[in-house]
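Structure first, commentary second.
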Amino acid sequence: MDQTAPVRGLLDGQVAVITGAGRGLGRAYALAYSGEGAAVVVNDVDGRSAAGVVDQIVAAGGRAVAKAESVATPEGAAAIVESAFTHFGRLDVMITNAGADRRGPVLDLTPDDWEFTLGTHLFGMIHCSVAAGRALRDQGEGGVIVNITSGAFYAFAPQLAPYGVAKGGIYGLMRALAVELAPFGIAVNGVAPPMTATPPVFAYLEQLADLGVPPDQVALLRDGMPQPEDVAAITVFLATEAGRRLSGQLLTMTKNELTVIRPPSDAGTVTAPGPAWTLADLSAAISSLPM
């Protein structure tokens, strides 16, 4: 389904592809982009969910089309990007949000569990970023790529090892893309949403309860979570004129807080007392470092 009724906003005239947009945070991103006037390709492997989001956008006077392709293959990613040109004639923004994961104790996970999670979360974002980057480069008008990652790669999250590894890889991908695509006027940033009120997060909180996390702590996490629409604004900002001035940054946002997450620095550097490190010197130096 396609619709061409005009909507006016900060992103009027732009075309955005949003993967994993049939539910949860991806759905919130799609609605937020449409609300600011962008035409949206709503991607989700669940075609019915994607179509439902399109119906909601069209009912509000926006423009959207559903694309039920998997991001886990280069061919699927290319087809998703191509749909922007087929239906709307151009591409301005790619938000790589889609992912699926398997969870459990790290020592109990199978190779298939790892491959499944990395194939969708990490390689899916690689495929979509590369396909979008090529299209934006060839279009010659700059553009925006937003890689959705998570605090799970730098903060302890039990039962989420493959997810955390994938999200760490996405951060590295974003930093590399930001450098290599800068000559083409393409801004690339990462967004690490906090724990947000979505069904997968609620399921994870149940896992924490089963792992013995005190009920009051689980309830505190649940009660303090923002809604998906609370954190969607940062993805919209990154597509605005002001947002396009940023690149290579990792941002996280709650309902009332915005944080720039910095990579590790050398703030804890110490110098060897002699020409080279000895084990004794290392022991003394490490114990003096803030950790």
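Based on DSSP H segments of at least four residues, each scored -39500 (n - 2.57), the chain has a per-residue ellipticity at 222 nm of -13500 deg cm²/dmol. Which percent, nearest 5, of DSSP beta bridges in the chain are antiparallel? Among the beta bridges of the chain, antiparallel pairing accounts for roughly 10 percent. Specify the residue with the greatest mean-square fluctuation among 108, 92, 46, computed from a Gaussian network of the chain linking alpha-carbon atoms under 10 Å apart. Looking only at 108, 92, 46, the biggest GNM fluctuation is shown by 108.
Segment residue 245..residue 139, full-extension length gain: 36.2 nm, with 0.36 nm per residue of separation and the alpha-carbon distance subtracted. Across the chain, the relative contact order, built from alpha-carbon pairs under 8 Å that are at least six residues apart, equals 15 percent. Here the residues 234, 186, 57, ranked from fewest to most Cβ neighbours within 10 Å of their Cβ, fall in the order 234, 186, 57. Computed about the Cα centre, the dipole magnitude for the chain is approximately 500 debye when only Lys and Arg (+1) and Asp and Glu (-1) carry charge, each at its Cβ. Farthest toward the positive end of the dipole of segment 175-285, out of 193, 214, 242, is the Cα of 242, where the dipole comes from beta carbon charges about the Cα centre. If R0 is 22 Å, the Cβ-Cβ spacing of residue 260 and residue 221 corresponds to a FRET efficiency of close to 0.40.
Free of any chymotrypsin sites (Phe, Trp or Tyr not before Pro) that DSSP assigns to a loop and that have at most 14 other C-beta atoms within 10 Å, the longest stretch within the chain is 1-155. Just to be sure I understand: with springs between alpha-carbon atoms less than 10 Å apart, which residue in 271, 198, 259 has the highest mean-square fluctuation in the Gaussian network model of the chain? Looking only at 271, 198, 259, the largest GNM fluctuation is found for 271.
By the beta-carbon count within 10 Å of each Cβ, the least crowded to most crowded order of 174, 253, fewest first, is 253, 174.
Taking springs between alpha-carbon atoms closer than 10 angstrom, which of 91, 220, 118 fluctuates most in the Gaussian network model of the chain? Of 91, 220, 118, the most mobile in the Gaussian network model is 220.
By per-residue mean of other Cβ atoms within 10 Å, what is the highest-first order of 60-73, 10-23?
10-23, 60-73
Gain on full extension, evaluated as 0.36 nm per residue between residue 155 and residue 90 minus their Cα-Cα distance, stands at 19.6 nm. Computed extension length for residue 108-residue 284: 59.6 nm, one decimal, from 0.36 nm per residue of separation with the Cα-Cα distance subtracted.
Only Lys, Arg, Asp and Glu carry charge here, each on its Cβ (+1 for the first two, -1 for the last two); on that basis segment 202-291 has a dipole of about 360 debye about its Cα centre. Working from Cα pairs under 8 Å separated by at least six residues, relative contact order for segment 1-146 is 24 percent.
Only the coordinates and a few stated rules stand behind these numbers; no lab work does. Computed from a predicted structure; not experimentally measured. No Cβ is skipped: glycine too gets one built from the backbone with ideal geometry, and neighbour counts run over all protein chains shown.
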